[in-house]
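*Asks:* Before I ask anything, here is the structure I am working with.
The values are calculated or read from the model by the stated rules, or taken from the named source; none is laboratory data. Only a predicted model underlies this, so the values are computations on that prediction, with no experimental measurement involved. Neighbour counts are summed over all protein chains in view; Cβ atoms, including those assigned to glycine, are modelled from backbone coordinates with ideal geometry.
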Amino acid sequence: MPFCASYLFIFLPLFMGIYTVLPKNRRSVLISAANIFFAALSGAGTLILCAVCLLCGFFSGIGIYNYRTRPDKIKHRKALFILNMSLNAGVLAFEGYMTASGGLSRSGVLAIGGAVLPLHMISYITDVYRGTAEAQTSFTALTAYAWFFPSMHIGPVLRYSRFSQYFKAPAMSRRRMSRGIMIYIAGLAEYLLISRRLYDIWNDMLSVPKDMRGAASIMLSSLIWYTSFLTCIAGMLHMGQGTALMLGFPVKKPIRRRLVTDDLHGRLLGYNVHITSWMREYIYRPLAEIKGKGIALTLSVCAVMMWYSFKLSWLCAGVVCTLLMMLQSFIVKKAEYPHKFLYTVMTKLFTAAAAAVPALSALWLSGGFPKYKFGFNENDTETFFFLISESWLPLLLGLVATGSVLPVVIKRINSGLLKLLMPVAEVILLLLCTAYMINI
């Protein structure tokens, strides 16, 4: 796992040592072997199910590509396409349901539904069917892409048409290696030092009796959950991006941070650029041509939410988010040109409202809410100040890590000074993360 000591200090150095000395055209074989190893850790059932998707996609992709110039094979081509879409969508739904119901164990702070492999296979088959990419004739190269172990948990999700050339012969570089190490350590710190600490506090809140929960503590615990979720996603994505860069794959930033947010739609896109880009390309655009933009937007946003967790509360969050997008668009049209500051505040409030749906749902299922809604009593005051004392530092760190201030400051720092500070910061973060991994 990308956030445990054995992965960081045993697997990754050993893997990178072998990977570095291998010829470029043999590196995909090593990536495939690592992919299968990590997939096998999830259990034989998951391994077999994903292997069926991979084999079916490999042979179907060749058939779809070869049938593109044969009018007599149009039905066969469509049948292969539909078969693979149905198979991978079924695997995605099955694994998401099993994860949400507790039937499938998954490492991580939060229960993150879905899997990267079905999305990669859908991207591969669709790109070959559209003609934007050639069919992959190397089974190891396709396995390296589909089961790409740096992104096995939550991403980054890579579109096949953009990365197919890199899996044939990955080329390493010193610049990508150093940048990848820095991003990986930063993501590891986000995940371990911020997200996991906040999630522990959130679990403590879930165990608090109903009569000790007031409006203030409920709102604060929702903020704790939201920050834990954001730093969990950001940490995992950065670890995936960092490892991919070390392997020679030019994966772009998975998180878009802006000081002034344009709108709720842009805010949602910025949380996980790769998955939202995937949803837009393979769900929104095809549906928009058939069903219209409104239905396509609703289904796409709900799909993004269900990617994180295959639960009813997340589906409701997707519906709420879509309605708030439409409301914001309506307000903007009526106001003609709203003030940028007020527009940003409105976006943040709408984002918090959509994000509160899963948090409040979890609180409700864990014990419900008290009859009173506002004001403090003795019990609620104790809960609120306990949450404040335990969470203020990780909340502050989470605000800095997920906000746009830190990237702006780093850009403005003198490049010579930055070269001296970054290695020191990397070593300090690595030591802190190692100490945390040893103690848990």
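*Asks:* Say whether the condition of being assigned to a helix (DSSP H, G or I), under 19 Å from the mean Cα position of the chain (by Cα), within 22 Å of M182 (Cα to Cα) and not β-branched (V, I, T) is met by at least one residue in segment 283-298.
*Replies:* no
*Asks:* Determine which single condition S361 fails, assuming it passes every other condition in (1) over 17 Å from the mean Cα position of the chain (by Cα); (2) modelled with pLDDT under 85; (3) in a helix (DSSP H, G or I).
*Replies:* The one condition S361 does not meet is (2).
*Asks:* Can you tell me which of R106, R130 is at pLDDT below 85 and charged (D, E, K, R)?
*Replies:* R106
*Asks:* When you scan segment 327-346, do you find a residue that is part of a helix (DSSP H, G or I), of a type in the set (D, E) and at pLDDT below 85, even just one?
*Replies:* no
*Asks:* Further question: Go through segment 190-223 and give me each residue that's aliphatic (A, V, I, L, M), buried (at least 24 other Cβ atoms within 10 Å of the Cβ) and under 21 Å from Y308 (Cα atoms).
*Replies:* Result: I194, L198.
Residues are listed down the side, and each one gets a yes or a no for (1) in contact with a strand residue (DSSP E or B) (Cβ under 9 Å, 6 or more places away or on another chain); (2) closer than 30 Å to G368 by Cα; (3) assigned to a loop (DSSP other than H, G, I, E, B):
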residue: V208; (1), (2), (3): no, yes, yes
residue: S221; (1), (2), (3): no, yes, no
residue: W225; (1), (2), (3): no, yes, no
residue: S228; (1), (2), (3): no, yes, no
residue: G240; (1), (2), (3): no, no, no
residue: A244; (1), (2), (3): no, no, no
residue: R257; (1), (2), (3): no, no, yes
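*Asks:* Which residue is nearest to I18 (Cα to Cα), if the candidates are limited to segment 121-163 and must be free of Cβ contacts under 8 Å to residues at least 40 places away in the same chain and of a type outside the set (V, I, T)?
*Replies:* Among those that are free of Cβ contacts under 8 Å to residues at least 40 places away in the same chain and of a type outside the set (V, I, T), it is Y145.
*Asks:* For the subset of segment 63-99 comprising residues that are aliphatic (A, V, I, L, M) and surrounded by fewer than 14 Cβ atoms within 10 Å (Cβ to Cβ), which member is farthest from the chain's Cα centre (by Cα)?
*Replies:* Ranking the qualifying residues of segment 63-99, first place goes to I74.
*Asks:* Could you check, for segment 150-164, whether at least one of its residues is within 19 Å of the chain's Cα centre (by Cα), aromatic (F, W, Y) and in the same structural domain as T402 (by TED's automatic domain parsing)?
*Replies:* Among the residues of segment 150-164, not one is within 19 Å of the chain's Cα centre (by Cα), aromatic (F, W, Y) and in the same structural domain as T402 (by TED's automatic domain parsing), which makes the answer no.
*Asks:* Going by what's in this entry, would L30 be described as assigned by TED's automatic domain parsing to the domain that holds L117 and without any contact (Cβ under 8 Å) to a residue 12 or more places away in the chain?
*Replies:* Answer is no for this residue.
*Asks:* Among the residues of segment 8-62, which ones are surrounded by 16 or more Cβ atoms within 10 Å (Cβ to Cβ) and among the hydroxyl-bearing types (S, T, Y)?
*Replies:* Correct list: Y19, S28, S32, S42, T46, S60.
*Asks:* Output yes when any residue across segment 187-204 is outside any helix (DSSP H, G or I) and more than 30 Å from P250 (Cβ to Cβ), and no when none is.
*Replies:* No; the residues of segment 187-204 include none that is outside any helix (DSSP H, G or I) and more than 30 Å from P250 (Cβ to Cβ).
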